[in-house]
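Participant: Mind looking over this structure? Questions follow.
The values are calculated or read from the model by the stated rules, or taken from the named source; none is laboratory data. What you see is a predicted model; the values in this text were computed from it and never measured. Cβ sites come from the backbone with ideal geometry, for glycine too, and all protein chains shown count toward neighbours.
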Amino acid sequence: MTDISQTAGLVTAEALFVMPGSESCELVNGRLRVSEPPGYWHGLLQPQLAAELLTFVRASRLGVVLTDAGFVLHREPDTVRAPDVAFVSAERIPDLDRGQRYLEGVPDLAAEIVSPGDAAADVAEKVDEYLAAGVRLVWVVCPRARRVVVWTPDRVGRTLDGDDALDGADVVPGFRLALTELFAALPNDAAPRA
């Protein structure tokens, strides 16, 4: 096994999967991207969003909801991204054998929760990679601003805030979640700044 600190050159998805300490890494064009562990707000919002989505998806038998699962967006060089929350429709769930490590291909929906240390350029890069690879819906959740930016393949972002509701569009048809409900667990001092 290779230690992340000793990794030089391009890395494959298969090598990343068995690399000690790779839980906090993604792979972008064969290069490791290490991120800090998510903070408290991220820890509150990720299970909240996943639970709301899972409850709806399971009741409607639409597919599966995953958290922090690796998706191989493209090969040679490999890019592996792990959305905070992802949805894969029932007709696209792969028939996995026991040796499968990361899912080949993209989720139908990818949600990223922005942490304080996330640079805007890095978030934009992820959104661009998801859309370029074929993700049909991307939600970028911004806890500090209590806002969600919704991205679709046309690459036009739509900002939701206040009393708006997040919806699944034609990707998760019928799903709706009020932002006030999503952000309810955040402390009152996390209100948007003027």
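Participant: Arg61 passes all but one of (1) modelled with pLDDT under 90; (2) exposed (fewer than 15 other Cβ atoms within 10 Å of the Cβ); which number fails?
Facilitator: The number of the failed condition is (1).
Participant: Considering only residues of region 20-58 that are among the charged types (D, E, K, R) and under 26 Å from Arg147 (Cβ atoms), which is modelled with the highest pLDDT?
Facilitator: Looking at residues that are among the charged types (D, E, K, R) and under 26 Å from Arg147 (Cβ atoms), I get Glu52.
Participant: Using the structure shown, decide if Thr79 is touching a helix residue (DSSP H, G or I) at 6+ places or on another chain (Cβ under 7 Å) and at negative phi.
Facilitator: It is true that Thr79 is touching a helix residue (DSSP H, G or I) at 6+ places or on another chain (Cβ under 7 Å) and at negative phi.
Participant: Considering every residue within region 129-148, establish whether at least one is among the acidic types (Asp, Glu), surrounded by 14 or more Cβ atoms within 10 Å (Cβ to Cβ) and part of a helix (DSSP H, G or I).
Facilitator: yes
Participant: Could I ask something else about it? Quick one: Gly174 ticks every box in (1) of a type outside the set (S, T, N, Q); (2) more than 17 Å from the chain's Cα centre (by Cα); (3) modelled with pLDDT under 95 bar one, so which box is it?
Facilitator: The failed condition is (3).
Participant: Quick check: is even one residue across region 89-96 of a type in the set (A, V, I, L, M), closer than 26 Å to Ala15 by Cβ and in contact (Cβ under 8 Å) with a residue 12 or more places away in the chain?
Facilitator: yes
Participant: All but one of (1) under 23 Å from Pro38 (Cα atoms); (2) under 16 Å from the mean Cα position of the chain (by Cα); (3) not in a loop (DSSP other than H, G, I, E, B) hold for Thr180; which doesn't?
Facilitator: Here Thr180 meets the rest and fails (2).
Participant: Would you mind finding the one in Ala90, Ala82 that is modelled with pLDDT of 90 or more and surrounded by fewer than 14 Cβ atoms within 10 Å (Cβ to Cβ)?
Facilitator: Being modelled with pLDDT of 90 or more and surrounded by fewer than 14 Cβ atoms within 10 Å (Cβ to Cβ) holds for just one of Ala90, Ala82, which is Ala90.
Participant: How many residues does region 60-111 contain that are over 17 Å from Leu131 (Cα atoms), among the hydrophobic types (A, V, I, L, M, F, W, C) and not in a loop (DSSP other than H, G, I, E, B)?
Facilitator: Result for region 60-111: 4.
Participant: Sort out which residues of region 112-128 are in a loop (DSSP other than H, G, I, E, B) and under 12 Å from the mean Cα position of the chain (by Cα), and write them in order of number.
Facilitator: Val114
Participant: List pairs: first residue in region 43-54 and more than 18 Å from Pro116 (Cα to Cα), second residue at pLDDT 95 or above and assigned to a helix (DSSP H, G or I) anywhere in the structure, Cβ distance under 7 angstrom, at least six positions apart or on different chains.
Facilitator: Sorted first by the residue in region 43-54, then by its partner, the pairs are Gln48/Leu182; Leu49/Leu182.
Participant: Among Val72, Val34, which is the only one that is in contact with a Cys (Cβ under 8 Å, 6 or more places away or on another chain) and either within 28 Å of Val18 (Cα to Cα) or touching a residue at least 12 places away in the same chain (Cβ under 8 Å) (or both)?
Facilitator: Val34
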